[in-house]
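As structure tokens, the structure follows; a few thoughts come after it.
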Amino acid sequence: MENAGLNPEPDQTPNAAVKAAVEAIVYVAEEPVTIEQITAAVGNSTRQDVLQALLLLQEEYQREDHGLEI
């Protein structure tokens, strides 16, 4: 996933529930989803929260040698 030209604030970490929701949406989506679609689906988070969660998940999946890629 591309950063879409946005740089999330480094001190802002999404809560575990937002991160888990974002991960679930990305995992079960049959087609690629946009940050806006994920934000709307999560409902209680900002676009910035979703972007930060996606970037953290991307780092985790790359670092831990997962078979999945975000």
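The values are calculated or read from the model by the stated rules, or taken from the named source; none is laboratory data. Note that this is a predicted model, so its numbers are computed, not measured. Side chains are part of the model used for accessible areas, which takes the heavy atoms of the whole protein and leaves out ligands, DNA and RNA. Shrake-Rupley method; radii C 1.70, N 1.55, O 1.52, S 1.80 Å.
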Which listed residue is at pLDDT 95 or above, charged (D, E, K, R) and part of a helix (DSSP H, G or I), from Glu60, Glu36: Glu36
Taking only the range 32-44 into account, find how many residues are open to solvent by 20 Å² or more (accessible area, probe 1.4 Å) and closer than 11 Å to Ala21 by Cα. 5
